[in-house]
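The values are calculated or read from the model by the stated rules, or taken from the named source; none is laboratory data. Everything quoted here is computed from the prediction, not taken from an experiment. Cβ coordinates were reconstructed from backbone atoms using ideal geometry, including for glycine residues, and neighbour counts include every protein chain displayed. Accessible surface is based on the protein model in full, side chains and every heavy atom, while ligands, DNA and RNA are left aside. Shrake-Rupley method; radii C 1.70, N 1.55, O 1.52, S 1.80 Å.
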Amino acid sequence: MTVDIDKTAGGPADTPPAGPEAIKAIPVRHYGRYVSAVVAIALLAAVVYAFSQGKINWGAIPDYFFDDRVLTGMGKTLLITVLAMLIGVFGGILLAVMRLSKNPVTSSIAWFYIWFFRGTPVLVQLVVWFNLGLVFEYINLGPFYRDEWSDFMTPFLTALLGLGLNEAAYMAEICRAGLLAVDEGQTEAAHALGMSHTKTLRRIVVPQAMRVIVPPTGNEVINMLKTTSLVSVVQYAELFRVAQDIGQTSGAPAEMLFLAAAWYLLLTSVFSVGQYYLERYYARGSSRSLPKTPMQKIRANLLSLSNRSSTTGGAA
């Protein structure tokens, strides 16, 4: 049997048909972004122009920026920030454990403490601590220490107790949320292995809870740095108080307030960088890839720009 072969049909040696033409992608134009950028720049320029035309001696700010009194006040601000946060963190952890305790007495004490210190303004607490001499004329610790309350409750101690004990109430809720975020199976497994409750908290629960605790704690540190300005009402010579005193003696009160604001911005920016790297450290194991550091982002952007320029040059 013979089979007729159509010689007009294309064979394997024939040229394959041309594929579809490449699609030329045109990026979407976001006109709203351009408009919002122009509006933002215009508003910023208007604010800068208004401040430049005001009756403010801007030259006084650099003259006093590194003044010894300002640097001393900044050091006291950092000192009270660190010490108050240490009291707040350790007190918050203790209160969080007490709040989660099955003992109704310790749980009720922790609840009352958090309720009271979170429910009253920190400024009021500072003034109350400073004036407790109206209630306790003397402080008597037996053979160890005895003195008048007014001599005992110095401005430094007032600021430390007022800020630290108030912060402990907020840190207690942050720590409690972090502890509750850890799966209960972790605790049950640790108890099944024979670990005590304290060792389970220290070795199993707290390390896992740090990923939840660290971000809001970083915010609390930055907030504490700014809240230290309130202790000026109890005569503690921190940055804001020093800036006020210099402003009154130099005849530039508004300029010294801007100086204090500049130092607060500088310090909070440094603390924000530290918070970023601390969060990045505790994010290990919770995500597939760690977020890029600022230097890594800069390098990636520079590399992409260099690749684009080389591609454009090659095409030309």
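Give the shape of the range 61-284 as rounded, prolate or oblate, defined through the alpha-carbon gyration tensor: a ≥ b ≥ c are the square roots of its eigenvalues, a/c under 1.5 means rounded, and otherwise the shape is prolate if a/b is larger than b/c and oblate if not.
Values: a/c = 2.88, a/b = 1.47, b/c = 1.96.
Oblate, because a/c is 1.5 or more while a/b does not exceed b/c.
For a test of the definition: using alpha carbon positions, the gyration tensor, and the 1.5 limit on a/c, classify the range 33-108 as rounded, prolate or oblate. Write out the running numbers ahead of the final one.
Details: a/c = 5.23, a/b = 1.78, b/c = 2.93.
Oblate, because a/c is 1.5 or more while a/b does not exceed b/c.
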*Charge dipole (debye, nearest 20) of the range 43-189; +1 at Cβ of Lys and Arg, -1 at Cβ of Asp and Glu*: 240 debye
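Sorted by average packing, counted as other Cβ atoms within 10 angstrom per residue and highest first, what order do 265-278, 27-40, 47-60 take?
Numbers: 265-278: 13.4, 27-40: 8.9, 47-60: 10.5.
Averaged packing, sorted descending, gives the order 265-278, 47-60, 27-40.
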*With every protein chain left in place, what is the accessible area of LYS199 in Å² (1.4 Å probe, nearest 10)?*
80 Å²
*According to a simple spin-label model (label point 7 Å from Cα along Cα-to-Cβ), what is the distance in nm between ALA40 and TYR138?*
6.4 nm
_So if each residue of separation counts as 0.36 nm, and I subtract the Cα-Cα distance between ARG33 and LEU100, what length gain in nm does that give?_
19.3 nm
